[in-house]
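Novice: Below you'll find the structure I mean.
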Amino acid sequence: MKFVLFKTDGSSSGEKDVKFFPQLDGEKGIDALRQTIIAVHANKRQGNASTKLRSEVAGSGKKIYRQKGLGVGRAGDKKAVQRRGGGVIFGPRPRSYSQKINHKMKRLAMERALYDQANAENICLIEGWEISEPKTKKIDGLLRTIAPSSKKILLVSDVFQDNITLATRNLPYARTTRSSNLGPLDIVQADKIIFSEKGLDSLLSKFGKEKESS
């Protein structure tokens with residue numbers, strides 16, 4: 001698969017053919033990607049919503065009304081579930097929402113996310129991430145040269161210089177991640193992904209792909 005390649009200053013350097021980029025047939029991997037993203041969101045849930053049962057509500061267990069004469073002798077106490085301030089039946093309780101995804105499904109989801117973004121021409125390459133000083137203006141100018149209309153840009157590399165990390169943190173539309181930490185949700189949420197050449201090689205090696213050497 002071919003990708004547009006940029007130099008470190010943002011100028012065009014032609015195209016690069018990445019021979020071992022993920023290739024999928026038909027709808028393979030769509031369900032895996034969907035389930036993996038659901039699992040990522042589920043694993044972020046704290047699961048600490050809680051309501052009090054009747055036995056946990058503070059208050060007296062005394063009958064509210066006397067047994068005879070009023071017609072409401074069996075109303076129970078103030079902690080009854082049908083009363084305001086009483087216990088809650090079948091309410092939320094602390095629980096774990098975590099889901100487990102096996103390695104093969106994670107890998108397939110990752111490949112599907114990359115394949116879809118590549119087909120949409122949302123992935124490009126840069127020779128390396130380099131700026132002379134940690135200035136937001138410099139990285140902003142570089143990104144606007146490469147992707148002028150993108151609102152969510154993901155910068156990926158094997159490692160980042162401090163200059164890049166410091167300069168990018170003040171940009172609301174861009175963020176950095178190392179290829180070793182890249183996940184399917186990161187890929188799906190971005191409308192432009194810019195890989196360094198070493199970052200892409202590192203990612204493909206994680207898939208067990210051979211290092212591209214064109």
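Novice: If you go through the range 8-20 one residue at a time, do you hit one that is part of a loop (DSSP other than H, G, I, E, B), over 22 Å from GLN117 (Cβ atoms) and touching a strand residue (DSSP E or B) at 6+ places or on another chain (Cβ under 9 Å)? Show your work before the answer.
Specialist: First pass over the range 8-20, keeping only residues part of a loop (DSSP other than H, G, I, E, B): 8-11, 18-20.
Still in the running and over 22 Å from GLN117 (Cβ atoms): 8-9, 11.
Imposing the further condition that a residue be touching a strand residue (DSSP E or B) at 6+ places or on another chain (Cβ under 9 Å) reduces the set to 8.
Yes: one or more hits.
Novice: Identify all residues within the range 138-175 that are free of Cβ contacts under 8 Å to residues at least 40 places away in the same chain and among the β-branched types (Val, Ile, Thr); write none if there are none.
Specialist: ILE139, VAL159, ILE164, THR165, THR168
Novice: Can you tell me which residue in the range 13-24 is surrounded by the most Cβ atoms within 10 Å (Cβ to Cβ), limited to those that are at pLDDT 90 or above and not hydrophobic (A, V, I, L, M, F, W, C)? Spell out how you get there, then give the answer.
Specialist: Pass one, the range 13-24, residues at pLDDT 90 or above: 14-18, 21-24.
Retained after the next criterion (residues that are not hydrophobic (A, V, I, L, M, F, W, C)): 14-17, 22-23.
Working: GLY14: 9, GLU15: 12, LYS16: 17, ASP17: 11, PRO22: 20, GLN23: 9.
Across the range 13-24, the extreme among qualifying residues is PRO22.
Novice: With respect to LEU114, determine if the residue is in the same structural domain as SER11 (by TED's automatic domain parsing) and either on the phi > 0 side of the Ramachandran plot or touching a residue at least 60 places away in the same chain (Cβ under 8 Å) (or both).
Specialist: Numbers: in the same structural domain as SER11 (by TED's automatic domain parsing): yes; either on the phi > 0 side of the Ramachandran plot or touching a residue at least 60 places away in the same chain (Cβ under 8 Å) (or both): yes.
The answer is yes for LEU114.
Okay, residues lined up against (1) in a helix (DSSP H, G or I); (2) under 23 Å from SER13 (Cα atoms):
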{"site": "PRO172", "(1), (2)": "no, no"}
{"site": "LEU185", "(1), (2)": "yes, no"}
{"site": "ILE193", "(1), (2)": "no, yes"}
{"site": "LEU204", "(1), (2)": "yes, yes"}
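Novice: Taking VAL57, is it free of Cβ contacts under 8 Å to residues at least 24 places away in the same chain and over 27 Å from ARG107 (Cβ atoms)? It would help to see each step written out before you state the result.
Specialist: Numbers: free of Cβ contacts under 8 Å to residues at least 24 places away in the same chain: no; over 27 Å from ARG107 (Cβ atoms): yes.
It is false that VAL57 is free of Cβ contacts under 8 Å to residues at least 24 places away in the same chain and over 27 Å from ARG107 (Cβ atoms).
Novice: Now for a separate question. Every residue in the range 89-111 that is assigned to a helix (DSSP H, G or I), exposed (fewer than 11 other Cβ atoms within 10 Å of the Cβ) and touching a residue at least 24 places away in the same chain (Cβ under 8 Å), please. Before you say what the answer is, go through the steps one by one.
Specialist: Residues of the range 89-111 that are assigned to a helix (DSSP H, G or I), as a first pass: 103-111.
Now drop any that are not exposed (fewer than 11 other Cβ atoms within 10 Å of the Cβ), which leaves 103-104.
Across the range 89-111, there are no qualifying residues.
Novice: Just to be sure I understand, how many residues within the range 21-40 are touching a Leu at 6+ places or on another chain (Cβ under 8 Å) and in a loop (DSSP other than H, G, I, E, B)?
Specialist: The total comes to 4.
Novice: Turning to a different aspect of this structure: For the range 114-128, how many residues are more than 17 Å from ILE30 (Cβ to Cβ) and among the charged types (D, E, K, R)?
Specialist: Residues in the range 114-128 being more than 17 Å from ILE30 (Cβ to Cβ) and among the charged types (D, E, K, R): 2 in total.
Novice: Does the range 169-180 contain any residue that is among the hydrophobic types (A, V, I, L, M, F, W, C) and touching a helix residue (DSSP H, G or I) at 6+ places or on another chain (Cβ under 8 Å)? First the steps, then the outcome.
Specialist: To start, the set of residues in the range 169-180 that are among the hydrophobic types (A, V, I, L, M, F, W, C) comprises 171, 174.
Next cut, touching a helix residue (DSSP H, G or I) at 6+ places or on another chain (Cβ under 8 Å) only: 171, 174.
Scanning the range 169-180, I find at least one residue that is among the hydrophobic types (A, V, I, L, M, F, W, C) and touching a helix residue (DSSP H, G or I) at 6+ places or on another chain (Cβ under 8 Å), so the answer is yes.
Novice: Here's a check for you: in the range 142-155, which residue that is surrounded by 14 or more Cβ atoms within 10 Å (Cβ to Cβ) and out of contact with any Asp or Glu (no Cβ under 8 Å at 6 or more places or on another chain) is nearest to ASP191 (Cα to Cα)? Steps first, answer last, please.
Specialist: First, pick out the residues of the range 142-155 that are surrounded by 14 or more Cβ atoms within 10 Å (Cβ to Cβ): 142-144, 146-147, 150, 152-155.
Right, trim to out of contact with any Asp or Glu (no Cβ under 8 Å at 6 or more places or on another chain) and you get 143-144, 146-147, 155.
On the way: LEU143: 13, ARG144: 14, ILE146: 13, ALA147: 10, LEU155: 11 Å.
Restricting to residues being surrounded by 14 or more Cβ atoms within 10 Å (Cβ to Cβ) and out of contact with any Asp or Glu (no Cβ under 8 Å at 6 or more places or on another chain), the top hit is ALA147.
The values are calculated or read from the model by the stated rules, or taken from the named source; none is laboratory data. Just so it is clear, the structure is predicted and the values come from calculations on it, not from any experiment. Here the Cβ is made from the backbone with ideal geometry for all residues, glycine too, and neighbour counts use every protein chain on show.
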